[in-house]
Amino acid sequence: MPITTCVFDAYGTLFDVTAAARQAAADPAFPQLQETWPALANHWRLKQLQYTWLRAITDAHCGFWQVTQDGLDWALEATGLQGDAKLRQRLLDLYWELQAYPEVPAMLATLKEAGLNTAILSNGSPDMLDGAVQSAGIGALLDDVLSVESVGIFKPDSRVYDLVGQRFGCQNKEVLFVSSNGWDAAGAAGYGFTTAWVNRVKEPIDRLPWTPAHVLQDLTTIPALACP
């Protein structure tokens, strides 16, 4: 069955989640970040994800902005930067303006030219996602931006993946789901989507019951996968 719908995770897949820490480190006002920003960015992202999983399994859902702030606070303490309110605020402000990876606009444009549906399916809240999409200038290349807030639980719960079929009226086998998170690509594969894991940093594959159909270094080959 041909692919009709390409769905992308947002953070780490279309948008570079390390950009906020990297940009802040380039600001002369925050010299304390010049050496520690990679560790801060990694801690921030890991705790952000861990908190979504913990909140999902304990039925303690909150908006993604809350877990983003909580993850940052943990990361700041882990890197010895807690208590710097100005730095904290700057990092949070930058998270609303994350840069898209360089190949994203052309990749999405190619999919649209081929007549495919394109969408984001993200843990992000609608306002956060709108900020990132507008900042990256890719709104016209997306048919929709789907947020877990409409079901009140984070990925990889199946109710989140249900949103794709509900929105586009497609069967699972018609969907190419793309994520930079191995666990997300695995969860979507178990759900029945064809999945592509964008493994930019060459991590080992997650030991889960399901595996992605494709493992990629970036997003440039997505059109070839969707329209063979």
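The values are calculated or read from the model by the stated rules, or taken from the named source; none is laboratory data. Note that the structure is a prediction, hence the values are computed from the model and not measured. Positions of Cβ are backbone-derived with ideal geometry, glycine not excepted, and every protein chain shown enters the neighbour counts. When the accessible area is computed, the model is the full protein with side chains, heavy atoms only, and any ligands, DNA or RNA have been set aside. Shrake-Rupley method; radii C 1.70, N 1.55, O 1.52, S 1.80 Å.
Which of the residues spanning segment 106-121 are touching a Leu at 6+ places or on another chain (Cβ under 7 Å) and either over 15 Å from LEU176 (Cα atoms) or aromatic (Phe, Trp, Tyr) (or both)?
From segment 106-121, those touching a Leu at 6+ places or on another chain (Cβ under 7 Å) are 107-109, 112, 118-121; that's our starting set.
ALA109 - this is the single residue of segment 106-121 that is touching a Leu at 6+ places or on another chain (Cβ under 7 Å) and either over 15 Å from LEU176 (Cα atoms) or aromatic (Phe, Trp, Tyr) (or both).
Kindly establish whether LEU92 is open to solvent by less than 40 Å² (accessible area, probe 1.4 Å) and at pLDDT 95 or above. Yes. Just so you know, in segment 90-125 the residues that are among the small types (Gly, Ala, Ser) and more than 14 Å from the chain's Cα centre (by Cα) include one that is nearest to LEU141 (Cα to Cα), and it is ALA109. PHE15 meets the conditions (1) within 16 Å of SER135 (Cβ to Cβ); (2) open to solvent by 60 Å² or more (accessible area, probe 1.4 Å) in every case but one. The failed one is (2).
Cβ separations smaller than 7 Å between residues 6+ apart or across chains give the following pairs from segment 1-13 residues that are closer than 15 Å to THR110 by Cα to residues that are in a loop (DSSP other than H, G, I, E, B): ILE3/LEU116; THR4/LEU116; THR4/CYS170; THR5/LEU116; THR5/CYS170; CYS6/LEU116; PHE8/LEU14. Taking segment 25-81 as the range and being among the β-branched types (Val, Ile, Thr) and either touching a residue at least 24 places away in the same chain (Cβ under 8 Å) or touching a Phe, Trp or Tyr at 6+ places or on another chain (Cβ under 8 Å) (or both) as the test, the residues that pass are THR36, THR52, VAL67, THR68, THR79.
Within segment 27-84, track down each residue that is aromatic (Phe, Trp, Tyr) and surrounded by 17 or more Cβ atoms within 10 Å (Cβ to Cβ).
First, the residues of segment 27-84 that are aromatic (Phe, Trp, Tyr): 30, 37, 44, 51, 53, 64-65, 74.
Within segment 27-84, PHE30, TRP37, TRP44, TYR51, PHE64, TRP74 meet the criteria.
If the Cβ limit is 6 Å and pairs must be 6+ apart or interchain, which residue in segment 131-158 that is touching a residue at least 24 places away in the same chain (Cβ under 8 Å) and under 24 Å from GLY182 (Cβ atoms) pairs with which residue that is open to solvent by 20 Å² or more (accessible area, probe 1.4 Å) and of a type in the set (Phe, Trp, Tyr)? As it stands, the answer is SER158/TYR191, since those pairs meet every condition given.
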